[in-house]
Structure formats: structure tokens, C-alpha cells
1. Starting from 0.36 nm per residue, how many nanometres of slack lie between V194 and I554 once their C-alpha separation is accounted for?
2. Applying the Karplus parametrisation 6.51 cos²θ - 1.76 cosθ + 1.60 with θ = phi - 60° to the phi angles of the stretch 204-210, what ³J(HN,Hα) value in whole Hz is obtained for each residue in order, glycine and proline being reported as x?
3. Grab the Cα-Cα distance for Q167 and I67, subtract it from 0.36 nm times how many residues apart they are, and report the gain in nm with one decimal.
4. For the stretch 512-527, just list the computed ³J(HN,Hα) in residue order, Karplus coefficients 6.51, -1.76 and 1.60, θ = phi - 60°, integers in Hz, with x standing in for Gly and Pro.
5. Under 5 Å between amide H atoms, partner at least 5 residues away or on a different chain: which partners does L101 have, H built in plane at 1.01 Å?
6. At a Förster radius of 25 Å, what calculated FRET efficiency corresponds to the Cβ-Cβ distance of K278 and A422, to the nearest 0.05?
7. Take the stretch 404-443, drop everything but the C-alpha atoms, weight them equally and run the Debye formula without solvent; then report log10 I(q)/I(0) at 0.26, 0.30, 0.34 Å⁻¹ to two decimals.
8. V439's amide H: which non-local residues (gap 5+, or another chain) put their own amide H closer than 5 Å, with H modeled 1.01 Å from N in plane and none for Pro or chain starts?
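The values are calculated or read from the model by the stated rules, or taken from the named source; none is laboratory data. Note that this is a predicted model, so its numbers are computed, not measured. Virtual Cβ from ideal backbone geometry, glycine too; neighbours counted across all protein chains shown. Quick note on the areas: whole protein, heavy atoms, side chains included, nothing else; ligands and nucleic acids left out. Shrake-Rupley method; radii C 1.70, N 1.55, O 1.52, S 1.80 Å.
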Amino acid sequence: MRLVNLIVRLVNLIAIATALAACLPAADLAQPPTVSLDKNGSTQGKIPALRPGDQLYFDIPEATTLIYQFDHQAGDGKVLLGCAGAAQYVRGNPITIPADLSGRRTMTEGKFFESRPVRALYFNLTGTFPATKEDKDKRTELVSQLNYYSKHDGPLSWDQKKVKQDQIEEKKDQIAQLQDEIKAFTGTSLGIAVEKIEALQKKIQFLHGEIRNLQKEIENSGNHDQLEALTKQFYELSSKINTPTLLRAGVLIIGEDRKPVYYTLNQSGDASQPWRLKLFQEFPIFTTNDAPYIVVLGQRYTQDPQGLRASFTSKAGAYIDSDPVRPVVTQLLTPSASAKSLEIKRVPEGCLTPEPPTYTYVDRVLQFTDHLAGETTYMVTVSGYGLATTKDSLTVIAGTTPSTQQQKVTEKITLKPLDAEALPQVHSLYRYNISTGVVWSTIRTPTFSRVATGNYFPAGCGLTTSVATTGATTSSVTGTTMTTGTTTTTTTGTTTTNSPSTVTTTTCAPTYQTLQVSGGPRILPVLMFTFYPTKRDTQVKTVSWKEVIPAPAIGLSLSSPSDDFFLGASSELKPFRNLQLVYGVHLGRIEKLGANGFQIPTDGTAPQTTTSLHTGAFVGLTFNIDFIKSIFK
């Protein structure tokens, strides 16, 4: 029965402790993760962190449609999701993110099924761009250019161009021969010679005309390429204005251990480095379990810089004490759970990726490392190639007529839209915590003592009196002998014996009884060791709801380490970091009377006691200590 009461009391204690620890602010109340896109396909608001099992919503304009597809690899946004697996998003309905994908792969030994974790969600947003004045003016200009080039369009194959070029060379040779014949008549004045020269000059003029026509045909063949490029621009712009088209090929990174850093590409105003990456939202918190990604949101498909790639340098940091309410334990470095191999991107079978419109937004995903070291700061650089001004000079020439010469050189070079930007320091994760504090226990420590009862031995004693005892007298009458002391007297059949009286004095002694005092609840200093089922980041200011969940803890009393032990759990108290509420079962040794419970009533010495193990409940507060660091030095 006592055990049942203890269990009930412990359950109530854990419920109260968890309720106290779970005083979560409104910010911790999870809102449904939502990704918002505007009518152009640009991301609006914060992009939520996504994990398997989440219910994801898309907030998209009315005139747009969205299709999506899950994948086990994280890479650049896919231009078209017409491959198997793409589904259309239904407005207002959530998308449940699965944990794994089951797919079929074909190997040399045959086909088999495999399950791979979900790493990314790809989506395509389709809609119509609103017609702007610039678009309308551009379309009018394209119409004029198309009319011009269509009149001078003369498409020629490579062989046809070669034939015409050979004809031009042949006619040039004929002209050279005719000019040599004309030179032969130079200096003669005969009328027949003059007529011959005029005839030869007419042939030369005719050949020049044929050469000009051939050259024009060759030149017009070049106009055909220009005409095709203008036609593509015209239809692309018309499609953008009038018909639904691909607005955004996006990607969302999925996974608790996958941390994207989002950037947008903007013009810098510097001709030598015309582009720069701007942070889209605040940095995530990186830990040793995380794989970092750089995500460039919505780069135009043909926009510089192309071929983006990421690299990094690093420097060592130090443990971050996020809440110096108490010292913290410096633990040994906890490495990443497992090395995450770089993923090799494969194109799904039968999946084609046609060229999208140049104005389509495409997300770029860059992974610069697969392992992060604890207490380390990483500096990331993103580079690519594109057009930039490498030389822009103005030269003034002195003289009677001053003049200026300007030289401007534009060429494709390596661009760095992000140059050694420092990411937040990486946090190590820890499996345990060592803390100290005080606890309140329901186990009471009894005390035993001998106290006077107020009575004395022998009977009749008082505080100032003593007892006197007189010797006995015996009398015998009518055959009975009475004796007093040692003298015997006989009178007429009766014998009387008298003896001298003896007085004995006895000292009074108080009597005692054993008194037990139960004592009150105990307050004990403790040393607690807590084990975390999942690794925890202790370098952040606030704790998540997961840290409120009780973690197993054991401890001992600092005042009586061999007699008092504690088994239970601990929960972090918000809003303080590393301040713990501990509770559970207290196993403590307490005194009890010895096996020989009999003691002489007049014996006032302390009774003999022994110890036995008792159980009770405890609750208290603990905080970290810092002496562990000195042990490992």
C-alpha cells in the first residue's frame, strides 16, 4: 500500500513539474508551415524549416497553378516537372511531407525497390505575367525588327554558302584577267583598241554586280539567324504576356539536419562586380549534425553569373554561454552523427528538361560541405562567371586641339556575388549534463532519545526524599510464634521473640522511556547526472518544447553521498537556459532502533540504532558546474 501511494505521489509530481516546465510562450505554438509566392513567382515572407511529417501549405495567386514533386536529392530547381510523380497542388489543402520514397531502380543484375529519405520538394508555378509598359514597348520594337529582317531573309546552308563563296572567287579571277587584257591595250590610240577596252570594262562591271549580289545573299543568310533569334524573343514575350507560362522553378530543402541559407541576387552598382547576394532571411542555427546549403532564390534562367559554386574557409571559435545565469559544463567535442556523403545527382529515366523562357525564376542550390565542426565559424564564397567591365579609362590628349579617348572593355570573368561572408558559429550537441543544486525530499530522518517520565524508582521517591526500610517482627499467639528481630518471648503458651530493628536507606532514581521524533522534510544539496535521449544544443538562448520532455537523471547527495541517491528525470525551465527542474524517487538510508529494543528503565543513555533504506519522492532545482573542465586538462 505504501508503494502504491508513493507511485501515485510520484506521478502527480511529474505531472506538476512537466506543467511548470512546459510554460511555452506563444511563439512556440507551431503554426502550419506556409510558402507564399506572388504573381511573378517571387517568394514572399519567411520560408519555414520543413521536416518529414509536416503539413505544408502554398499561398499562391488566383491566376496561377502549382505542381510539385518530392525527391531524395537536393539540387537546382527543375524547369519542368512533367516526369512521373508530379502532382497538382489543391488550394487550401496541406501537403503531407513523407519520410521516405520508395522507387524502382534498374541495375545490371535487374530491377529492385529501394527506400530513400526525402530531401527536397520541387515545384513549378505557372501563370501569366501582367503586361507592363516596358513589355509592350519591347514587343512593338520586335515587330519592326522582324519586318525588316524578314524582307532580307535568305537562308543558306553551309554548302550553299561555300558554293557562292567559290563563285565570288572565280568572278574575281575573271576580273583580274580582264584587267590584264585592258593593260595590254594601254598606250594605243587605235579605234579598235578603244572599243575593245570599253567592252572589257563592261564585262568587269557586270562581274562586280554579280559579286555584290552573291555577297548580299551570303549576308542575308546571316540575317536569317538574327531573324530566328528575334522570332524567339517575340513569341517568348507574347507567351509571357498572353498565355500561361512557367514563372518559377523552385526547390524546398527538407530535413531537420539540413539547414538552407536563403539569398536573393541583386545588382551591386559596381561594373567590375555587377551582382551581389543579399541575405533573404535570418541565419539558421548550425550544429554538428547539420548539412548546410546556400539557396539562391529565383535567379533568372539566363541571368549572370552562371555556373554558381560555393567554397569556404573556417576559423576556430569558443563555447557560447547563451544565458549566464550560471556557469556551464564544458564537455568534450561531440562529432557529427554520421558523415553525410555528397549526393550524386541523377536525371530520372525518361525525364527531359527543355529550355525554359529566359524570364523564368530558377532556384540555385549549392552545398559547400557535408560535415560541420563544433565551435567553428565558416566563411562562404559563391562564385560564377559572367560579363563585367574589366577596363574603363578616359585619356585626355594635350595639344592645340585637346581631345579625349575613352576605352571600355567588357568580358566574361569570374564573379563573386558573395565573398567570404561569415555564417553563425556552429554549435556542438551534447548527450549529457552535470549539474548541482538543492532538492526537497519527502523522506524524514527520525531521531531517538531517552527522556525522563517523571516517575522514580523505587516507589514513594520524590525529588528530595529517600526510602527507609525497617527490619521484620514475628508474633505467635496460641501456638503461633511471633518473632521480632532476634529475641524470642514465651508467655502462657504463647511465645514472643523480639529482635532489634534494622533501617535500610535506598537512593531514588528517575525512570526513562525512548522517544522518537520523526523530523520534517529534508533539504539536500545534490549532484545530478542527466542523459539526453537525443542530442541537445545548449548554446541557444531558449529551449524548444522537446527539452521540456523529461530526460532520465540520477544523482547523489553532496552531504551524504553514500546514504542518499536520486532516480528520476529533469526538465529545462523556460525562459532560462540550463536551469533544470529535477524530480523523481529518493532512496535514502535513515536510522531505526536496533534489534535489541529492551532497555533498563533507569538507563538514560541514548538508545542503540541502525540504518535501513527507505523510498520517497523529491523535487528541486539544479544548475551546471564548471569543474569538469579542469578534470580533462
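1. Details: separation 360, 0.36 × 360 = 129.60 nm, distance 12.48 nm.
In short, 117.1 nm is gained.
2. Each residue's phi maps through the Karplus curve to give 5, 4, 5, 5, 4, x, 5 Hz.
3. On the way: separation 100, 0.36 × 100 = 36.00 nm, distance 5.70 nm.
Answer, rounded to one decimal: 30.3 nm.
4. Here the 3J(HN,Hα) series is 10, 9, 7, 10, 10, 10, 5, x, x, x, 9, 10, 10, x, 10, 10 Hz.
5. For L101, the qualifying residues are R116, V118.
6. Values: r = 15 Å, r/R0 = 0.61.
With a Förster radius of 25 Å, E is 0.95.
7. Debye intensities relative to I(0), on a log10 scale: -1.05, -1.12, -1.18.
8. Excluding prolines and chain starts, which carry no amide H, the hits are L524, V526.
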